[in-house]
1. If you check Thr320 against the conditions, is it in a loop (DSSP other than H, G, I, E, B) and in contact (Cβ under 8 Å) with a residue 24 or more places away in the chain?
2. Within the range 261-287, track down each residue that is without any contact (Cβ under 8 Å) to a residue 60 or more places away in the chain and assigned to a loop (DSSP other than H, G, I, E, B).
3. Picking from Gly229, Gly187, Gly273, which residue would you name as being over 30 Å from Ser147 (Cα atoms) and at pLDDT below 90?
4. Name the single residue, out of those in the range 53-64 being in contact (Cβ under 8 Å) with a residue 60 or more places away in the chain and either assigned by TED's automatic domain parsing to the domain that holds Ile210 or in contact with a Gly (Cβ under 8 Å, 6 or more places away or on another chain) (or both), that is farthest from Gly280 (Cα to Cα).
5. Would you confirm, using the coordinates I've provided, whether Thr372 is farther than 24 Å from Ser407 by Cβ, not in a helix (DSSP H, G or I) and not small (Gly, Ala, Ser)?
6. Residue by residue through the range 451-476, note down the ones that are surrounded by 11 or more Cβ atoms within 10 Å (Cβ to Cβ) and acidic (Asp, Glu).
7. For the range 420-442, state whether one or more residues are in contact with a strand residue (DSSP E or B) (Cβ under 8 Å, 6 or more places away or on another chain) and assigned by TED's automatic domain parsing to the domain that holds Leu328.
Amino acid sequence: MSISSALSNALSGLSVTSRAAGLVSSNVANAMTDGYGVRSLEVSSRVLGPSGAGAQVTGVTRHEDAILVGDRRRTEAELGYRTTQGAYLTRLETLVGTPDMEGSLAARTAGFEAALASAAASPQTQVRLAAAVDAAVVLATTINGISDGIQADRLRADGAIAGAVGQINGALEQLSALNTRIRQDSGGGRDVSALLDAQAQLVDGIAPLIPLHSRRDAMGALQLFSADGQPLLDGRPAVLSFTQATVMTPDMTLDGGTLGGLSLNGRPLSMTGATPALAGGELAALFALRDDWGVSAQGAIDAVARDLAARFDAAGLDPTQAPGQPGLFTDAGAAVDPANETGLAGRLRVTAVVRPDQGGASWRLRDGLGATAEGPLGNATLLQAQRDALTTLQPTASGGFSATGRSFAGLVADHLSSVGQARQSAETGQAHVAARFGALRQEELAQGVDTDAEMQRLLQIEQMFAANARVITAAQDMFDQVLGMGR
């Protein structure tokens, strides 16, 4: 080997080791960076003619377990669904309130029943009559609040859908732009690892919203599909469309055409049914909250309101009332119509004829809503009949409740029980998915940057650099000796 060949080999070795040191430093610096793929240098011998001519860098490999990452992303989408469901049911249970909570529906029901019993025990006492009216107003207001809370949750879900759609569209646009750069850089032989990292971070951003499948074409460009096969990024980025609502009322539904649905490239997607589109992620959970869970919850509290009103509208309960006239609990002042039950919980009001603040008189609770003058002060017949109406066992006509006869307090208890059971079931499912996601995440992190291994590799690079530098020094000494021989 000539001195010039030795020098050329050593210089190529220095070039390789400097590039290797740069990769190690990049790996160590990004040890805590999400979406970063560990890099390794691909090195091969360089050949000129029949002889070796040192070493050369043939490429940079970005390491990623595509199967593990895909499983983790799909599990994260399921976790997003479960988390959204669990958070909603927790809020609903808080709205309804557990019996030990001050202001809960059960507590307000018990308070109203106790106030009626107290007024019946001393019907001549105006304070007790006023307290019973106040308890009725508080009970109706509590039911109103539950209905309003459900609609507020539906409206928040609608806004969150709009936000998620915007996030997905923005990410798909950026992924498409990165695909263009990846194709260009790959064709030019340049390292695209940083571009792949950027794509991984963008995909991780939308993974909780939609379960995803991904693959890369021959040029390394990313292709994205939803778990149900909807193309999200296949050559061109898909565009999701959604019209956000500004208000939310119980009668507004997707099926009724008063709420916006989701479209993909102008094609409407069905978010319900046996095979809903984009199912299994946070986006699907938001649609379910707005169009299914919230609607069912509203139906249940409407049924509670209807049952309460029907008990005080019963024929013969109040002899001063003609059939069809509003009872103690009204639909915004009018008689409750079973055919107009949707949203009743939000419209439930105590009749103005017993409310002094609205020009009525509390003594009508004792003497009858249609009474024009006070009757005998000690007559507790109507008060006792109203209390008995609350405790009478009767079937619930709507809301998905069973046909079992129950008192109003029993209906309230069953309503709370169904909400609590749904919340507990959702939390159990969420815990299982969270555990699975945590295990996959830990396994993925274990395949990330190993700083100990990188430090060992850096020591090897240091030794290689020193050896090649020593060869260059020796070659220089040889050249000096040759030059000295000519003097």
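The values are calculated or read from the model by the stated rules, or taken from the named source; none is laboratory data. These figures come from a predicted structure and were not determined experimentally. Backbone-built Cβ (ideal geometry, glycine too); neighbour counts: all protein chains shown.
1. On the way: in a loop (DSSP other than H, G, I, E, B): yes; in contact (Cβ under 8 Å) with a residue 24 or more places away in the chain: yes.
For Thr320, the condition - in a loop (DSSP other than H, G, I, E, B) and in contact (Cβ under 8 Å) with a residue 24 or more places away in the chain - is met.
2. Result: Gly261, Asn265, Gly266, Ser270, Met271, Thr272, Gly273, Ala274, Thr275, Pro276, Ala277.
3. Values: Gly229 fails: at pLDDT below 90; Gly273 fails: over 30 Å from Ser147 (Cα atoms).
Going through Gly229, Gly187, Gly273 in turn, just one is over 30 Å from Ser147 (Cα atoms) and at pLDDT below 90: Gly187.
4. At the first step, the residues of the range 53-64 found to be in contact (Cβ under 8 Å) with a residue 60 or more places away in the chain are 59-60, 62-64.
Of the ones still in play, those that are also either assigned by TED's automatic domain parsing to the domain that holds Ile210 or in contact with a Gly (Cβ under 8 Å, 6 or more places away or on another chain) (or both) are 62-64.
Numbers: Arg62: 30, His63: 28, Glu64: 25 Å.
Selected residue: Arg62.
5. Details: farther than 24 Å from Ser407 by Cβ: yes; not in a helix (DSSP H, G or I): yes; not small (Gly, Ala, Ser): yes.
Judged against the criteria, Thr372 is a match.
6. Matches in the range 451-476: Glu454, Glu462.
7. Filtering the range 420-442 down to residues in contact with a strand residue (DSSP E or B) (Cβ under 8 Å, 6 or more places away or on another chain) leaves none.
No: the range 420-442 contains no residue that is in contact with a strand residue (DSSP E or B) (Cβ under 8 Å, 6 or more places away or on another chain) and assigned by TED's automatic domain parsing to the domain that holds Leu328.
Rundown of residues vs (1) in a loop (DSSP other than H, G, I, E, B); (2) at pLDDT below 85; (3) in contact with a helix residue (DSSP H, G or I) (Cβ under 6 Å, 6 or more places away or on another chain), yes/no style:
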position	(1), (2), (3)
Ser418	no, no, no
Ala435	no, no, no
Asp452	no, yes, no
Phe465	no, yes, yes
Ala475	no, yes, yes
